[in-house]
Amino acid sequence: MSRLKSLMQYRPIRIIVGYVGGPLLSMAISVVIISRLTNVWEGPDPYVVYVVGNFDAPVAKDVYHGIQETASRLDRLTIDGAHLAIKSVNDHGDTTRAQTLARKLARQPDALMIVGHFDSTSTREALPVYMQASPAIPVILPTETSPNLLPPAERTGQYLPVFRLSPTDERQAERAADYAIKAARSVFWVVEDTENPVYARYLGTTFTQRVQEGGKSVVLWTPLGVPPSDTYRLLPVDCVFFVGEPRNALIVIEQVNALWPKGRRPLIILSDAAVDGMLLTKEDVATGDIVLLHPSDPRSFSAEGYRPYGREVIDITADLVARAGDVLQAGGGIRHGFRRLMNSRRVGDARLAVTRVMEDAVLHHQPVADSYVFNGDGTRDGASFHVWRVLDQRFTEADAVVATAAHGAEPRSYVATDEAEMRPTPIGQEARESTRP
């Protein structure tokens with residue numbers, strides 16, 4: 001400071017400062033005034049919640065329909081002066097395209113949040129890109145169940161802003177193994193569908209570990225469509241666990257029916273990816289010893305498919321945005337304050353505010369939107385898997401079937417009179433296929 005004062009004693013320096021400093025100060029004031037009058041520095045409006053997934057298949061379409069049902073709630077909200085919009089992006093279920101789209105969205109100046117990609121394999125490719133954006137883009141995973149999707153944190157204590165609405169496959173494997181063992185099954189064949197390899201490999205491996213921990217054995221593990229050449233090894237098998245898609249599940253059921261005579265066929269357990277309305281019309285599913293796993297209550301799924309996930313996305317997003325707006329109003333830091341002085345905004349400020357709200361909710365176990373509580377790994381607290389059967393073209397709680405059949409009572413079940421009631425027919429999509437992760 002003393003050196004600066006000594007310099008200012010020289011008249012040439014004072015002249016230069018007078019000529020340069022005055023105009024610079026006037027220019028700064030003018031920029032502030034003009035920008036607030038013309039909004040030339042304002043930044044993007046609206047900020048966008050991008051819903052990314054395979055819109056060629058029903059799961060993403062179902063969730064998006066649910067989002068659209070209540071999306072008007074976001075119309076009343078702003079964050080840092082920006083309104084909100086929702087846009088869908090189709091990755092066509094292709095992992096390379098999913099990663100390419102993630103890189104593109106990470107560079108978008110309006111990308112506030114991401115919802116998707118709805119299957120574990122695509123999500124594992126895209127999620128690191130979102131987390132490594134500057135700053136990270138908050139993500140909601142509606143239907144992904146594979147637990148190992150998050151990239152490692154770059155530093156100790158770093159929070160990665162991801163909320164998961166579905167339980168993980170650790171829970172699914174545990175539920176499937178417990179059900180089979182309680183049903184007195186002890187020798188297992190695991191069939192892996194490689195269409196969603198991240199999901200299938202982890203779930204199959206974890207199920208095998210659970211079975212072995214229960215003192216039972218997995219004697220076969222094969223990919224889809226490859227029954228063992230030495231079929232005598234199948235003789236002791238009394239349970240088949242299939243991990244994969246619905247149409248491929250039907251192939252496994254046909255194989256089992258061909259390999260075993262009626263009355264001696266093993267229990268078949270289908271993972272949640274295999275759940276689809278078309279199974280209700282298949283006689284082999286209804287008459288065989290077949291159960292299905294799924295996070296939803298059969299009544300909810302029979303009526304609406306995956307649409308409730310979409311409404312939950314809106315519930316959570318609306319609350320996060322409202323609370324993040326309060327964070328920014330209370331003070332978003334020096335850089336944010338300067339930008340607001342200039343009537344400028346950056347989506348990064350809003351992302352950081354949303355991330356802070358998510359982190360606070362996790363650390364303090366506070367509910368989001370009054371009813372959604374998330375754990376430290378982003379999983380939803382209390383989420384679990386149900387075991388279903390098909391009975392009289394109905395999805396039914398399998399435990400209820402077992403319990404009431406023993407007492408000769410009518411089991412508790414929920415009817416879907418046809419596939420249109422089972423799930424809304426996606427626009428331009430007649431087939432009842434699923435890519436549920």
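Given the criteria open to solvent by less than 20 Å² (accessible area, probe 1.4 Å) and without any contact (Cβ under 8 Å) to a residue 24 or more places away in the chain, does Thr222 qualify? When the stated conditions are applied, Thr222 does not pass them.
Restricting attention to the stretch 47-105 and to residues that are assigned to a strand (DSSP E or B) and of a type in the set (Gly, Ala, Ser), the residue that is surrounded by the most Cβ atoms within 10 Å (Cβ to Cβ) turns out to be Gly53. Restricted to the stretch 373-396, and to residues there that are in contact with a helix residue (DSSP H, G or I) (Cβ under 6 Å, 6 or more places away or on another chain) and within 20 Å of Ala324 (Cα to Cα), the residue that is surrounded by the most Cβ atoms within 10 Å (Cβ to Cβ) is Phe374. Yes or no: Phe207 under 22 Å from the mean Cα position of the chain (by Cα), closer than 13 Å to Asp377 by Cα and outside any loop (DSSP other than H, G, I, E, B)? So Phe207 fails the test. Across the stretch 170-191, the number of residues qualifying as open to solvent by 10 Å² or more (accessible area, probe 1.4 Å) and under 16 Å from Leu293 (Cα atoms) comes to 9.
Every test in (1) part of a helix (DSSP H, G or I); (2) closer than 19 Å to Asn54 by Cα is passed by Gly116 save one, and that test is (1).
For the residues Ala136, Ala111, the requirement of being under 18 Å from Val49 (Cβ atoms) and in contact with a Ser or Thr (Cβ under 8 Å, 6 or more places away or on another chain) singles out Ala136. Looking only at the stretch 234-245, count every residue that is surrounded by 14 or more Cβ atoms within 10 Å (Cβ to Cβ) and either among the charged types (D, E, K, R) or out of contact with any Asp or Glu (no Cβ under 9 Å at 6 or more places or on another chain) (or both) and tell me the total. Summing the residues that are surrounded by 14 or more Cβ atoms within 10 Å (Cβ to Cβ) and either among the charged types (D, E, K, R) or out of contact with any Asp or Glu (no Cβ under 9 Å at 6 or more places or on another chain) (or both) in the stretch 234-245 gives 7.
Exactly one residue among Thr208, Thr194 is within 30 Å of Val237 (Cα to Cα) and either open to solvent by less than 10 Å² (accessible area, probe 1.4 Å) or at pLDDT 95 or above (or both), and that residue is Thr208. Taken over the stretch 63-78, residues that are at pLDDT below 95 and under 14 Å from the mean Cα position of the chain (by Cα) amount to 0. Of everything listed in (1) within 22 Å of Ala383 (Cα to Cα); (2) open to solvent by 10 Å² or more (accessible area, probe 1.4 Å); (3) more than 21 Å from the chain's Cα centre (by Cα), the single unmet condition for Asn248 is (1). Pro161 falls short on exactly one of the conditions (1) open to solvent by 50 Å² or more (accessible area, probe 1.4 Å); (2) under 30 Å from Val357 (Cβ atoms); (3) not hydroxyl-bearing (Ser, Thr, Tyr), and that condition is (1). Considering the stretch 331-367 alone, what residues qualify as being at pLDDT below 70 and assigned to a helix (DSSP H, G or I)? Result: Ile334, Arg335, His336, Gly337, Phe338, Arg339, Arg340, Leu341. Residues in the stretch 106-154 that are open to solvent by 50 Å² or more (accessible area, probe 1.4 Å), more than 24 Å from Arg201 (Cα to Cα) and in contact (Cβ under 8 Å) with a residue 40 or more places away in the chain: Gln108, Pro109, Ser134.
The values are calculated or read from the model by the stated rules, or taken from the named source; none is laboratory data. Here the structure is a predicted model, which is why all the values come from computation and not from measurement. Reconstructed Cβ throughout: ideal geometry from the backbone, glycine too, with neighbour counts over all protein chains shown. Calculation scope for accessible area: heavy atoms of the full protein, side chains included, ligands and nucleic acids excluded. Shrake-Rupley method; radii C 1.70, N 1.55, O 1.52, S 1.80 Å.
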